[in-house]
Amino acid sequence: MADETDDKRPMHSEPDEQAIEEPTTSGAQEASETAWMMKEGVTIGLISIMAVLVLALGLMQGTGLVDFLAPFADTGLGQWAAFAVLVLIVVAAFVWSRRGV
């Protein structure tokens with residue numbers, strides 16, 4: 001019968017020592033950090049929704065289901081250029097939201 005000290009399997013995981021760098025010491029600091037996290041979550045959510053909508057538009061445009069960008073460009077190349085501008089707007093919004101983080 002094997003001794004318990006011979007068993008090399010971990011029985012439980014040790015907590016991460018670096019998980020909390022600085023504990024919250026005041027209510028104002030906690031409120032500030034909570035507001036920051038909420039802002040970040042909402043921003044990432046909105047950018048994700050915009051990215052999915054642009055992706056859906058691109059897929060529908062590519063398969064010919066919609067001709068949504070026709071008022072902006074008459075040719076296929078022009079419509080894809082308008083789509084590229086939409087993609088750049090979403091990417092720029094994401095980069096702007098990450099500034100200062």
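The figures follow:
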read-out: Matching residues, the stretch 29-63, being among the acidic types (D, E) and under 14 Å from R98 (Cβ atoms); value: E40
read-out: Selection count where residues are surrounded by fewer than 12 Cβ atoms within 10 Å (Cβ to Cβ), of a type in the set (A, V, I, L, M, F, W, C) and in a helix (DSSP H, G or I), scope the stretch 57-84; value: 3
read-out: Single residue of V42, V54 found to be closer than 17 Å to V91 by Cα, surrounded by fewer than 13 Cβ atoms within 10 Å (Cβ to Cβ) and modelled with pLDDT of 85 or more; value: V42
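The values are calculated or read from the model by the stated rules, or taken from the named source; none is laboratory data. Predicted model only: the values in this text are computed from it and were never measured. Using ideal geometry, Cβ is built from the backbone for each residue, glycine included, and neighbour counts are taken over all protein chains shown.
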